[in-house]
Amino acid sequence: MQPSSLLFFKCRSTSTQKYKLTLKNDINIKNKRAYFDYNLLDKYVAGIALLGTEIKAIRQGKANMTDAFCMFIGGILYVRNLHVSEYSHSSFYHHDIKRDRALLLQKKEIRKLRLKGEEKGYTIVPLRIFINERGFAKMEIALAQGKKEFDKRDSIKDRDTKRELDRALKR
């Protein structure tokens, strides 16, 4: 059973009945690999330019961010390799599954990201996709610096010790 993100309910008005729309904000698609591979420096929330069937598929939770990355093409920030599956109830008008999707940011944020992203060692990675309270799909992106192999080993060791502490405190 798939979670529905839209709920309709009746509301009595003075002369006619109206239907109001409420949204459940339970969509939170994460890029777990980004937290392991990168040190995150600055985080930003950006809107995503989507087609109709893409937003419906995201509301069903059918998106995968494991290979996704961000890059500038002609002054516009795009997210590439974001896999959004086809919407189950669409007709023959499907969207391209791995197309480039534009990210919507303010000009000063784009300028800042472009300057930092061009420096050696910095990259822009997508962290998660969520639906805000107004029903729009948003993507959290971060300016990140790649970890070395020994940093990754330290992350694994810290995670294991935290897990052991939680188990010990539970007893």
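The values are calculated or read from the model by the stated rules, or taken from the named source; none is laboratory data. Please read these numbers as outputs of a predicted model, since none were measured by experiment. Note that we place each Cβ from the backbone using ideal geometry, even for glycine, and neighbour counts take in every protein chain shown.
Points worth noting:
- Just one of (1) touching a residue at least 24 places away in the same chain (Cβ under 8 Å); (2) farther than 23 Å from LYS43 by Cα; (3) out of contact with any helix residue (DSSP H, G or I) (no Cβ under 6 Å at 6 or more places or on another chain) fails for SER90. It is (3).
- Of all residues in the range 127-144 being at pLDDT 90 or above and farther than 16 Å from LEU50 by Cα, the one that is surrounded by the most Cβ atoms within 10 Å (Cβ to Cβ): ILE141
- Unmet criterion (only one of (1) over 17 Å from LEU143 (Cβ atoms); (2) surrounded by fewer than 17 Cβ atoms within 10 Å (Cβ to Cβ)) for LEU41: (1)
- Any hit, the range 59-66, residues being in contact with an Asp or Glu (Cβ under 6 Å, 6 or more places away or on another chain) and within 23 Å of ILE29 (Cα to Cα): no
- Taking the criterion of being farther than 16 Å from LYS32 by Cβ, of a type outside the set (Val, Ile, Thr) and surrounded by fewer than 17 Cβ atoms within 10 Å (Cβ to Cβ), the residues of the range 62-84 that qualify are MET71, PHE72, GLY74, GLY75, ARG80.
- Single match in GLU133, GLU118, GLU164 (criterion: closer than 18 Å to ASN28 by Cα and of a type in the set (Asp, Glu)): GLU133
- Search result, residues across the range 40-61 that are touching a residue at least 24 places away in the same chain (Cβ under 8 Å) and farther than 22 Å from ILE124 by Cα: LEU51, THR53, GLU54, ILE55, LYS56, ALA57, ARG59, GLN60, GLY61
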